[in-house]
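The structure appears right after this line, and notes come after that.
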Amino acid sequence: MAQPEGSHTVKVGVVLARQPGGLGAWLADGSAFEGAGAHALWVDPVADPDLDPVVLTAALAAVTFRALLIVSLPEYEGSPDRMLATLGRLSRGRLAILAGPDLAAVPAHVPAVPARVPAVPARVPAAGPAGAGTGIPVFHRIPGDPAAIEYPGAPGGPQRWGCAGCPDGREAFRATLLDAAERGWHGLLLPADPRLLDMLRNPDDPGYRHDLQLAQG
């Protein structure tokens with residue numbers, strides 16, 4: 001998506017569907033958004049108890065190559081270090097963790113930026129090659145602002161990401177990106193939607209293709 005003139009580049013992250021219907025289609029959606037230019041793919045915890053978000057992230061790692069993969073860890077007995085190290089290797093270093101509440105409620109607007117960001121650890125340890133020396137990046141919720149996420153361990157200094165609903169059209173998308181840039185956001189999280197895929201793929205197309213399906217490679 002073309003960035004608004006005069007603004008810094010705002011990365012676009014996509015929150016994938018919470019309850020995958022067909023897993024093949026869900027994986028194809030992730031691959032399609034990566035191909036359209038999404039910087040990050042967020043695996044939101046699913047309501048189906050038979051589906052493990054970590055396993056879903058591992059499968060997503062096998063069909064993507066560039067996008068950052070971010071997952072909220074479920075409760076595990078014992079240490080997750082071995083599991084994280086394995087997932088880190090499968091993703092070829094593209095794994096990150098979202099700590100705290102999940103992304104169930106994605107607001108329809110970009111809220112104001114809090115005056116201060118609390119100190120939080122930037123990384124979690126991970127055993128094995130995936131965590132050797134550096135560990136795995138961790139995104140944190142900002143207390144008191146459910147639509148804001150902090151990435152304190154980002155290269156070049158802390159980054160702040162915001163959440164928003166899917167913009168209704170290209171002009172609204174550009175306005176949302178400009179608003180995020182003016183607020184100092186480094187990234188914007190948007191829900192997976194056929195309209196978003198179309199806007200990412202065809203930023204200069206004035207219309208919307210109503211026949212577009214999400215599950216496309």
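Below are the figures for this structure:
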| read-out | value |
| --- | --- |
| Rounded percent of accessible protein surface that carbon and sulfur make up, the range 149-203, 1.4 Å probe | 50 percent |
| Net length gained if the chain between R92 and F65 were fully extended (0.36 nm per residue, minus Cα distance) | 8.9 nm |
| R160 accessible area, 1.4 Å probe, all protein chains in place, Å² to nearest 10 | 40 Å² |
| Accessible area, probe 1.4 Å, largest first, for residues M83, M199 | M83, M199 |
| Rounded accessible area of S31 (nearest 10 Å², 1.4 Å probe) | 40 Å² |
| ³J(HN,Hα), Karplus 6.51/-1.76/1.60, whole Hz, each residue of the range 147-156, x for Gly, Pro | 9, 10, 10, 10, 10, x, x, 5, x, x |
| T176, T9, T57, reordered so the largest accessible area comes first (probe 1.4 Å) | T9, T176, T57 |
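The values are calculated or read from the model by the stated rules, or taken from the named source; none is laboratory data. Source: prediction; values computed, not measured. The area values use the complete protein model at the heavy-atom level, side chains included, leaving out ligands, DNA and RNA. Shrake-Rupley method; radii C 1.70, N 1.55, O 1.52, S 1.80 Å.
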